[in-house]
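The values are calculated or read from the model by the stated rules, or taken from the named source; none is laboratory data. Quick caveat, the model's predicted, so the values are computed rather than measured. We place every Cβ from the backbone using ideal geometry, glycine too, and count neighbours over all the protein chains shown.
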């Protein structure tokens, strides 16, 4: 049965790969992004895809644009995928980029989910693309202060969402995609965007209230907090 799926950051990388996969299997997809891409435009020419631009999830303007564009649309699966990666070290601690990552990686997914709650219904799902770099237990190398901190914050926000939405029968998935070959890491990952998308969508398909709020690797492994 086809689903109505909303994906943020859908113009490239994992977001684009998930968009492509969902369209190919017959889902209706709303691709949210700041600006479309040639690849995304090509998909629109073939599939039932709606591209919604000017969605900067870190701004009130961008979130309002999403709310207006999706008014009256019932969402089966909301995938909060948009994110950024900056690089700080103890010797180069940049408070500006740390704050930027908090806005985009942690606060924005929560605000998007909150703004689109009227579009969700009994049985809808919310997925948040996080990172194992947000795991305190897994941090054995240090560095990447803003990214690690923002993803840890996203994880706890996702857990609160999972608890708060249980009564509405809305499950929340918290997913580390793997080390994926995207622009974010200069394509130095160890799995492709397509493989990551395939794994993530399979987990989202199987997500239920019995696993709401569980922090998972795309390979199915449960990750430590």
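What's the total number of residues in the range 145-185 that are at positive phi and modelled with pLDDT of 95 or more?
Within the range 145-185, the first condition is being at positive phi, and the residues that meet it are 169, 178.
Narrowing the set further to residues that are modelled with pLDDT of 95 or more leaves 169.
So the answer is 1.
Among the residues of the range 189-199, how many are assigned to a strand (DSSP E or B) and either out of contact with any strand residue (DSSP E or B) (no Cβ under 9 Å at 6 or more places or on another chain) or surrounded by 20 or more Cβ atoms within 10 Å (Cβ to Cβ) (or both)?
Result for the range 189-199: 0.
Which one of the conditions (1) in contact with a helix residue (DSSP H, G or I) (Cβ under 9 Å, 6 or more places away or on another chain); (2) on the phi < 0 side of the Ramachandran plot; (3) surrounded by fewer than 14 Cβ atoms within 10 Å (Cβ to Cβ) does residue 72 fail to meet, given that it meets all the rest?
So residue 72 meets the others, but not (2).
Among (1) in contact with a strand residue (DSSP E or B) (Cβ under 7 Å, 6 or more places away or on another chain); (2) surrounded by fewer than 17 Cβ atoms within 10 Å (Cβ to Cβ); (3) in a helix (DSSP H, G or I), where does residue 143 come up short?
Residue 143 satisfies all of (1) in contact with a strand residue (DSSP E or B) (Cβ under 7 Å, 6 or more places away or on another chain); (2) surrounded by fewer than 17 Cβ atoms within 10 Å (Cβ to Cβ); (3) in a helix (DSSP H, G or I) except (3).
Hey, among the residues in the range 51-69 that are under 24 Å from residue 122 (Cα atoms) and touching a helix residue (DSSP H, G or I) at 6+ places or on another chain (Cβ under 9 Å), which one's surrounded by the most Cβ atoms within 10 Å (Cβ to Cβ)?
Within the range 51-69, the subset under 24 Å from residue 122 (Cα atoms) is 63-64, 66-69.
Among the residues that remain, those that are also touching a helix residue (DSSP H, G or I) at 6+ places or on another chain (Cβ under 9 Å) are: 63-64, 66-67.
Details: 63: 20, 64: 12, 66: 22, 67: 13.
Among those that are under 24 Å from residue 122 (Cα atoms) and touching a helix residue (DSSP H, G or I) at 6+ places or on another chain (Cβ under 9 Å), it is 66.
Could you look through the range 200-225, keep only residues that are within 14 Å of the chain's Cα centre (by Cα) and not in a loop (DSSP other than H, G, I, E, B), and pick out the one that is surrounded by the fewest Cβ atoms within 10 Å (Cβ to Cβ)?
Checking each candidate, the answer is 217.
Kindly indicate the residue of the range 8-22 that is touching a strand residue (DSSP E or B) at 6+ places or on another chain (Cβ under 6 Å) and under 11 Å from residue 40 (Cα atoms) and also surrounded by the fewest Cβ atoms within 10 Å (Cβ to Cβ) among those meeting that condition.
Result: 15.
Would you be able to tell me the number of residues in the range 163-182 that are assigned to a helix (DSSP H, G or I) and either surrounded by 22 or more Cβ atoms within 10 Å (Cβ to Cβ) or in contact with a helix residue (DSSP H, G or I) (Cβ under 9 Å, 6 or more places away or on another chain) (or both)?
Taking the range 163-182 first, the residues assigned to a helix (DSSP H, G or I) are 163-164, 166-168.
Filter once more, so that each one left must be either surrounded by 22 or more Cβ atoms within 10 Å (Cβ to Cβ) or in contact with a helix residue (DSSP H, G or I) (Cβ under 9 Å, 6 or more places away or on another chain) (or both): 166, 168.
So the answer is 2.
If you take the residues in the range 121-131 that are surrounded by fewer than 21 Cβ atoms within 10 Å (Cβ to Cβ) and touching a helix residue (DSSP H, G or I) at 6+ places or on another chain (Cβ under 9 Å), which one is nearest to residue 67 (Cα to Cα)?
Selected residue: 121.
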